[in-house]
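Participant: There's a structure below that I have some questions on.
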Amino acid sequence: MTGPTIGDPADIIRLASPDEGAPFVLRGATVLTLDPGLGRIDGGDVLVRNGRIAAVAERIGDLPADAVTVDATDCIVTPGFVDGHRHCWQGSLRRLAVDADLAEYLAITHDGVARHYRPEDMYIGNRVALTGALDAGFTTVLDLSHNTRSKAHADAVFDAYRDTGIRAVHASAPPNAYEWEEHWPDDLGRLRDLADAQPLVTLRMAIDMRRVRPVEELMGIARSLGLGITMDGVMGPGSAEELTRLGRQGFLGPDVTLIHATSLSESAWVEIERAGVQIVLATTSDEQLSLAGGVPPVQRALDTGHKPGLSVDVEISLAGDAFTQMRATLLTQRMLAVMSRTAGERQPEMLTNADVLEMATMSGARAVGLADRVGSIAVGKEADLLVISAQGINSLPGGNPVGTVVQGVDRSDIRAVFVGGTLRKWDGAVLGVDLPDLRARAETSRDHVLSAAGFRIGPNGPEGVPELQDAWLREYFASHD
Ligand SMILES: [Zn+2]
């Protein structure tokens, strides 16, 4: 496998140590900056000092004496990918129910195993999900944490962020069913302090399916704490009515990000557009789990004038990488555009590879509230960077670099990942991970929550899963589309 090289192996350890903050230069790469003013730089250098991008140019001559040189010839350097929403606590349930629809997903998770999660199960679920995300080139993940049943559960999640070294946006929500400590939203102030103590973590309020207070009141609490708001917009007519009302009452704004936004009315979209609400698509979960009509609103989101972010959502059924999201979104928009042309309707512009790469980076950063810190390669931004081999068997001899990233490569071609200037993946492997230990702990946790819920693992997933039991979840499911 080709890829970046570092002359002295001791420098790899220096770059992997966040305390050291060693300056380094990525040299001779095709740099896709995602910055409108810089564009693409062939044979370019990226200099990083103190965790931030200090220079981006065709050839940086004046380097700090102690800068480590990373030879990135034949590589493509991009900003790290941003996952606009994922439920990381479910990491130990990955690919357990690959053919599930929404009802089965809810029955296994929120109605089934969720209440049996202990803090250590939250920790290991997050470790698995976030380590996998890092390996796949996600340097930022918005963790929509809707199973923090107690303060201790939330603490365990923050421990997992710290131990993984990824940039995490903790979108805090109450659990969707059954008993819990009822510490939320009162605990948000404490969580904000926890986030402030970790340089890579920020906090948002998530307003998910279950509402413990009226939504206007929750939004007021978030704003009084200075928190952005991430809302789940996937209840079909229910979401549409609510968003229209919130918009007309002046509660929506650019600090609100809506996930899914599936099956909304035009009146809701008018309010979204007017208020500058951000959108995060969940293309594969809408389509595969059959959420609220099953068609992600790619075109309607584009019609607001801002590109939406992309998101993985649930790994219990879906792929966990950005390539799948970029490709699925590209294909979906193009398919629907051709369908509308064939039907003699308006012909929307075809989405391009560059568009979906922007969605997976800069648009995602904007949607999780980090546009000024990450999402592009520009001086002053924090150094969340991917070094992708462009001469492996997936992409040799090398064509269009944007298309190579979107369609040609996979996670194995991502040879190096930097988060805030710290090396987290090198030579194709996430650093500092004891894989057999992680696997053993994930298996133990998974077996605990499944057996506590009374499920058995059969050849095709959990068996013995009853229909939805919780009255509120049943009502939600009945009303969602
Ligand atoms: Zn979700």
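Participant: Can you name the residue in the stretch 263-278 that is away from the ligand (no atom under 16 Å from the Cβ) and either of a type in the set (Lys, Arg) or on the phi > 0 side of the Ramachandran plot (or both) and, of all such residues, is surrounded by the fewest Cβ atoms within 10 Å (Cβ to Cβ)?
Facilitator: Filtering first and then ranking leaves Arg274.
Participant: Could you go through the stretch 6-23 and let me know if any residue there is in the same structural domain as Lys425 (by TED's automatic domain parsing), closer than 13 Å to Ser389 by Cα, hydrophobic (A, V, I, L, M, F, W, C) and part of a loop (DSSP other than H, G, I, E, B).
Facilitator: So far as the stretch 6-23 goes, no, none of its residues is in the same structural domain as Lys425 (by TED's automatic domain parsing), closer than 13 Å to Ser389 by Cα, hydrophobic (A, V, I, L, M, F, W, C) and part of a loop (DSSP other than H, G, I, E, B).
The rows are residues; the columns are (1) surrounded by fewer than 24 Cβ atoms within 10 Å (Cβ to Cβ); (2) within 23 Å of Ala171 (Cα to Cα).
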site: Leu246; (1), (2): yes, yes
site: Asp255; (1), (2): yes, yes
site: Ala261; (1), (2): no, yes
site: Val280; (1), (2): no, yes
site: Ser285; (1), (2): no, yes
site: Gln288; (1), (2): yes, no
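Participant: Of the residues that sit in the stretch 167-202 and are among the basic types (Lys, Arg) and surrounded by fewer than 21 Cβ atoms within 10 Å (Cβ to Cβ), which one is nearest to Ala371 (Cα to Cα)?
Facilitator: The residue in question is Arg192.
Participant: Another question, then. Looking only at residues in the stretch 430-442 that are touching a residue at least 12 places away in the same chain (Cβ under 8 Å) and not β-branched (Val, Ile, Thr), which one is surrounded by the most Cβ atoms within 10 Å (Cβ to Cβ)?
Facilitator: Among those that are touching a residue at least 12 places away in the same chain (Cβ under 8 Å) and not β-branched (Val, Ile, Thr), it is Ala442.
Participant: Filter the stretch 297-337 down to the residues that are away from the ligand (no atom under 16 Å from the Cβ) and farther than 20 Å from Ser263 by Cα, then identify the one that is surrounded by the fewest Cβ atoms within 10 Å (Cβ to Cβ).
Facilitator: Selected residue: Arg327.
Participant: Looking at the stretch 216-233, which of its residues are modelled with pLDDT of 95 or more and either acidic (Asp, Glu) or under 14 Å from Leu252 (Cβ atoms) (or both)?
Facilitator: Listed by number, the residues that qualify are Glu216, Glu217, Leu218, Met219, Gly220, Ala222, Arg223, Gly228, Ile229, Thr230, Met231.
Participant: Spot the failing condition for Arg94; the list is (1) at pLDDT 95 or above; (2) away from the ligand (no atom under 16 Å from the Cβ); (3) surrounded by fewer than 23 Cβ atoms within 10 Å (Cβ to Cβ); (4) closer than 23 Å to His448 by Cα, and only one is missed.
Facilitator: Here Arg94 meets the rest and fails (2).
Participant: Looking only at the stretch 91-124, which residues are in contact with a Ser or Thr (Cβ under 9 Å, 6 or more places away or on another chain) and more than 24 Å from Glu287 (Cβ to Cβ)?
Facilitator: Selection gives Ser92, His116, Tyr117, Arg118, Pro119, Glu120, Asp121, Met122, Tyr123, Ile124.
Participant: Now for a different question. Quick one: in the stretch 41-91, of everything that is within 28 Å of the chain's Cα centre (by Cα) and in a loop (DSSP other than H, G, I, E, B), which residue is nearest to the ligand (Cβ to nearest atom)?
Facilitator: His87
The values are calculated or read from the model by the stated rules, or taken from the named source; none is laboratory data. The model shown is predicted, which means the values in this text are computed figures rather than measured ones. Note: ideal-geometry Cβ built from the backbone for every residue, glycine included; neighbour counts use all protein chains shown.
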